[in-house]
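Report on the structure given below.
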Amino acid sequence: MNNQAWLQRSLDSVWHPCTQMKQHPALPLVPVARAEGVWLEDFEGKRILDGISSWWVNLFGHGNPTINAAITDQLSRLEHVMLAGFTHAPAIELAERLSAKTGGALGHAFFASDGASAIEIALKMSFHTWQNAGQSDKREFVCLQGSYHGETLGALSVTDIPLFSEAYAPLIRNEHVHLAPSPDARLAQPGESAIDVANRAADALEQLLNERDGKVAALIIEPLVQCATGMAMHDPHYLKRARALCNQYGVHLICDEIAVGFARTGSFFAHEQAGIRPDLLCLSKGITGGYLPLSVVLCTDAIYQAFWHNETRRGFLHSHSYTGNPLACRAALATLDIFDTHDVLGANRRLSAHITQRLRAIALHPRIRNFRHRGMIWAADVDTDLADFNRRFFAQALQRGLLMRPIGNTIYLMPPYVLTTTEADWMADQALAALNATLAEAPAEHA
Ligand SMILES: Cc1ncc(COP(=O)(O)O)c(C=O)c1O
């Protein structure tokens, strides 16, 4: 069967995520037959470079032999067993190894399936910790302007992207949620540095925590890069200040590293760049190398101990059927094996420098603003009035065999770490060509 036949069957039966389905006849839907390394391939043999790691999940390429072998081996032993009342080696080993990656600061791992479910867990865990500790007034949360923590109702309550939450406003309970200013470095006034912006945002956070003293359970942050709002990047100094303020006001710090963990920002965990540890750490996406749905919330011993009690209801009674699935945990262990046996951070540093250099033509483009970069993420804002710029750019890039999905007017690249320099060069050339072609379709009036 060819692309068109699969495409039609998909439109007839699959409700695609994050999509106004009516736009699909105009917007190409891409049927993927197979994938290897950084390349996706359709049913007619056309290859597409996965410039956004399949929604930020893929680290070491599609069809990675190490991860394939681990899953195949696990398949022959145990595909799944419930984790309530039972346990298995992959979940135990993964919990131990992830804890070790935090230097033992976060001693227990609570597993779930997707990023949003990890956020639900972290919010409930923080709230319930304070309830169990007799501090029942601590039931408020603080999130940042432009935050994104997932699409379930609880996660949407700490998400500040109206496009995703507006339609469900009557269902979302966010009267207990406060928005703190984003430390987004693009907000720098003339003469201000990223650290100045971070300090300004942290001062406002301090004022908020002071006003709500004794009421706030947790501050939730996407460390270093607020991805879904348009790759807003901030200085690590903000995290340092946020950690100190959380200590001062007795507030949990939840780091949502669902998108930025696993070396995406240049350190294994993003928060390491600030020399801090959170109280709760949410991980997903890259955790399985992009293979299987898995998420985890790591917590401090203090939080774990707050639930240790004779009374059942003081326990954390949350669950999902596929929690800690053995196949997913083995994929995650294989992913950690790759980190342990290769100098991934060093290789990424070299590749990242190369890619930044190759993206210079985009960085210096007259219609580009705020070219920015951290680790293996690059982003830039395009000066255009085109309301459907993102869809047009997506189509132009796709025509050239490159998968990029701009967020509004922000174009970004977040490729798998196994990209070669030759592939990186090709990617940079196609991104520039797609940018010029999109802008040529309908140039902005002031261009
Ligand atoms: C920072 C962050 N948190 C949470 C989520 C939600 O994860 P999931 O889509 O797996 O539910 C995402 C997804 O993009 C994310 O970027």
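Just so you know, all these numbers are worked out from the coordinates, no wet-lab data involved. These numbers were taken from a predicted model, which means no experiment stands behind them. Reconstructed Cβ throughout: ideal geometry from the backbone, glycine too, with neighbour counts over all protein chains shown.
Here are the numbers for this structure:
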item: Cα-derived Rg over Rh, computed across region 217-367 with Rh taken as Kirkwood radius; result: 1.03
item: Highest to lowest packing among 260-266, 47-53, 25-31, scored as the average C-beta count within 10 Å; result: 260-266, 47-53, 25-31
item: Relative contact order of the chain, defined on C-alpha pairs under 8 angstrom at six or more residues apart (%); result: 20 percent
item: Positive-end residue of I221, G150, W308, charge dipole of region 67-341 with Cβ unit charges; result: W308
item: Cα extents of the chain along the three principal axes, largest first (Å); result: 64, 60, 45
item: Taking H16, H252, H149 and counting other C-beta atoms within 10 Å, the order from fewest to most; result: H16, H252, H149
item: Most positive-pole-ward Cα, H318, Q248, A204, against dipole of region 67-341 from beta carbon charges; result: H318
item: 30 Å Cα-Cα threshold exceeded, pairs from K124/K240; K46/K101; K22/K124; result: K46/K101; K22/K124
item: Cα-projected label distance for R349 with Y168, points at 7 Å along beta-carbon direction, nm; result: 4.1 nm
item: Cross-link partners of K138 among aspartates and glutamates (Cα-Cα below 12 Å; sequence separation of 8 or more within a chain); result: D213
item: Diffusion constant of region 100-216 at 10 °C, which comes from Stokes-Einstein with the Kirkwood Cα-pair radius and 1.306 mPa s, µm²/s; result: 98 µm²/s
item: Sequence ranges 1-8, 279-286, ranked by mean other-Cβ count within 10 angstrom, highest first; result: 279-286, 1-8
item: The chain, helix-only ellipticity at 222 nm - DSSP H runs n ≥ 4, -39,500 (n - 2.57), divided by all residues, nearest 500; result: -11500 deg cm²/dmol
item: Cβ-placed point charges (K, R +1; D, E -1), dipole of region 289-447 about Cα centre in debye, nearest 20; result: 80 debye
item: By average C-beta atoms within 10 angstrom, highest first, the peptides 426-435, 132-141; result: 426-435, 132-141
